[in-house]
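Working notes, beginning with the structure itself.
The values are calculated or read from the model by the stated rules, or taken from the named source; none is laboratory data. Model, not experiment: these values are computed from the prediction. Quick reminder, even Gly has a Cβ in these numbers, built from the backbone with ideal geometry, and neighbours come from all protein chains shown. Accessible surface is based on the protein model in full, side chains and every heavy atom, while ligands, DNA and RNA are left aside. Shrake-Rupley method; radii C 1.70, N 1.55, O 1.52, S 1.80 Å.
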Amino acid sequence: MIDKKNVLNGVRTVVLDVDGTLYDKSGLAHRMVRRLWWCLPLLAAERLARRTMHEVQYSSGEEFYAIFFRRMARGHWWGPGVAEKWYHHIYLPTMIRLIAKHHAPNPHVLGLIDECKRRKIPMAIYSDYGGVLDKLAALGINPKDFDLIVDAPELGALKPSAESARKVLELLHADPQTTLFVGDRVDKDGESAKALGAKFYLIP
Ligand SMILES: [Mg+2]
């Protein structure tokens, strides 16, 4: 249960993570492996490539994804074009279908969202993955509740990039000192908040 009163004390903007925050993602990775057994090498390549993308700031989302798909293809029979098609047409849609079927929104976070709406506190969705709108739809969460929906790759760098987090706050015209980041990862969401001097609430 989130102590909404204390958590939102002095807060003027809330930045919410998606995976593991808006819903409990336990079992999702395992389900992805079971569903995508026929393309496990691509799944493994996605994980590995993503790991190499950390802590580097690219000039744009286009540059980020161009390098990401190139790294996914490195040392494999498939090229970056195949990796890109697989990612957009198989990987993300599978993840979204599994979320819709097996994962419910976190009721405590829904309560926090409702409290923000009641207090007219602007909210942003800030994810480390694409497909955010589809994930919100899969969870039955209204995208119109948020003032900004953005993912880290389209800002040029994954969490906990200070530069990407700063861009989120700029887009919201928010002051870091009165901004609360809400997420399930201290090393991603917590560090994003820390880099700007914002507050952080960890979803257990
Ligand atoms: Mg997360």
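Inside the stretch 1-53, can you point out the residues that are open to solvent by 80 Å² or more (accessible area, probe 1.4 Å), within 16 Å of the ligand (Cβ to nearest atom) and not in a loop (DSSP other than H, G, I, E, B)? Those that are open to solvent by 80 Å² or more (accessible area, probe 1.4 Å), within 16 Å of the ligand (Cβ to nearest atom) and not in a loop (DSSP other than H, G, I, E, B): 47, 51. Restricting to the stretch 158-204, what's the tally of residues that are within 16 Å of the ligand (Cβ to nearest atom) and surrounded by 18 or more Cβ atoms within 10 Å (Cβ to Cβ)? So the count comes out to 21.
Within the stretch 103-120, the residues that satisfy the criterion of being in contact (Cβ under 8 Å) with a residue 24 or more places away in the chain and over 20 Å from the mean Cα position of the chain (by Cα) are 115, 117, 119. When 70, 12, 47 are checked against the criterion of being among the basic types (Lys, Arg), outside the structural domain of residue 159 (by TED's automatic domain parsing) and out of contact with any Pro (no Cβ under 7 Å at 6 or more places or on another chain), 47 stands alone in meeting it. Evaluating residue 98 against the criteria (1) hydrophobic (A, V, I, L, M, F, W, C); (2) surrounded by 15 or more Cβ atoms within 10 Å (Cβ to Cβ); (3) not in a helix (DSSP H, G or I) leaves one unmet condition, (3). Here the stretch 132-152 is the region considered, the condition is being more than 14 Å from the ligand (Cβ to nearest atom) and of a type outside the set (A, V, I, L, M, F, W, C), and the residue that is surrounded by the fewest Cβ atoms within 10 Å (Cβ to Cβ) is 144.
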